[in-house]
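Here is the structure we will look at.
The values are calculated or read from the model by the stated rules, or taken from the named source; none is laboratory data. Just so it is clear, the structure is predicted and the values come from calculations on it, not from any experiment. Positions of Cβ are generated from backbone atoms using ideal geometry, with glycine treated the same way; all protein chains shown enter the neighbour counts.
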Amino acid sequence: MERIGKGAEADIYLEDSTILKERIKKPYRIKELDLNLRKTRTKREARLISLARRAGVPTPFIRDVDNQKMTLEMSYIEGEQIKKIIEKFSEEKRYKIFKDIGILVGKLHSKDIIHGDLTTSNMILKNDKIYFIDFGLGEINNNIEAKGVDLLVFKKTLHATHHKYEKECFKAFLDGYTSEYKDHSEVINRLHIIERRGRYFTERF
Ligand SMILES: Nc1ncnc2c1ncn2[C@@H]1O[C@H](COP(=O)(O)OP(=O)(O)O)[C@@H](O)[C@H]1O
Ligand SMILES: [Mg+2]
């Protein structure tokens, strides 16, 4: 088995066409809490990945969940992280990709699925289809606030990693989101409120 990734929380192994995601111990966390968090996130991720697919969002297939070993087995999506290929796209292609991402997030939010870590590292392009992975920080939540925070995380990623294209990409994203999700304006308004709130805090403290 080949280790292909080491995230903040998990080791990722690849064998044949199967990904094994193993949530690793965090020595700085109290033991019981650590066990609990890893268990909850493993279970939650498996559940949300399946729910997301049912909502019409491409995700890996879950093959096995082991709550003792804190592992998740899923199909390997052999493609490229959006993060790594943005630079190669033409402007039209970029628009299309980010609009599609907006549509997919709209599908999640229509079903009250919060991804929790909407970054371009957690989206994989394969055969012109975008797959979402890494739902370990997600939840089911119908609050406008939770959905607004989901968008904020995405917007901040664009700012941090794709600064040059931030504006056009986020606009394309919102076009898709708006076309797919009926409560889009409430969430987008909330996003702006949260952003103002953030600025208020950084200015004062
Ligand atoms: N099912 C999968 N198919 C293809 N690559 C994957 C898959 N799951 C994880 N990866 C790769 O491993 C990396 C880390 O996995 P991820 O689930 O995002 O965990 P982390 O919480 O460490 O970010 C991803 O960014 C991706 O490159
Ligand atoms: Mg990730």
(Q) Go through region 50-94 and report how many residues are free of Cβ contacts under 8 Å to residues at least 12 places away in the same chain and in the same structural domain as Glu166 (by TED's automatic domain parsing). (A) 7
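One line per residue, one yes/no per condition, for (1) more than 16 Å from Gly138 (Cα to Cα); (2) more than 9 Å from ligand 1 (Cβ to nearest atom); (3) in contact (Cβ under 8 Å) with a residue 60 or more places away in the chain:
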| residue | (1), (2), (3) |
| --- | --- |
| Met1 | yes, yes, no |
| Lys6 | yes, no, no |
| Asp11 | yes, no, no |
| Lys26 | yes, yes, no |
| Arg29 | yes, yes, no |
| Leu35 | yes, yes, no |
| Arg44 | no, yes, yes |
Q: Determine, yes or no, whether Asp100 is crowded, with 17+ Cβ neighbours inside 10 Å, more than 13 Å from ligand 1 (Cβ to nearest atom) and in a helix (DSSP H, G or I).
A: yes
Q: Could you list all residues from region 129-145 that are under 26 Å from Gly7 (Cβ atoms) and either surrounded by fewer than 18 Cβ atoms within 10 Å (Cβ to Cβ) or not assigned by TED's automatic domain parsing to the domain that holds Ile194 (or both)?
A: Lys129, Leu137, Glu139, Ile140, Asn141
Q: Starting from region 124-140, take each residue that is touching a residue at least 40 places away in the same chain (Cβ under 8 Å) and closer than 17 Å to Arg47 by Cβ and list its partners that are crowded, with 18+ Cβ neighbours inside 10 Å and basic (Lys, Arg), counting only C-beta distances under 7 angstrom and pairs at least six apart or across chains.
A: Gly136/Arg41
Q: Tally the residues that are in a helix (DSSP H, G or I), within 16 Å of ligand 2 (Cβ to nearest atom) and of a type in the set (S, T, N, Q), restricting the search to region 110-168.
A: 5
Q: Would you check if there is a residue in region 40-49 being under 30 Å from Tyr177 (Cα atoms), hydroxyl-bearing (Ser, Thr, Tyr), in the same structural domain as Tyr131 (by TED's automatic domain parsing) and surrounded by fewer than 16 Cβ atoms within 10 Å (Cβ to Cβ)?
A: no
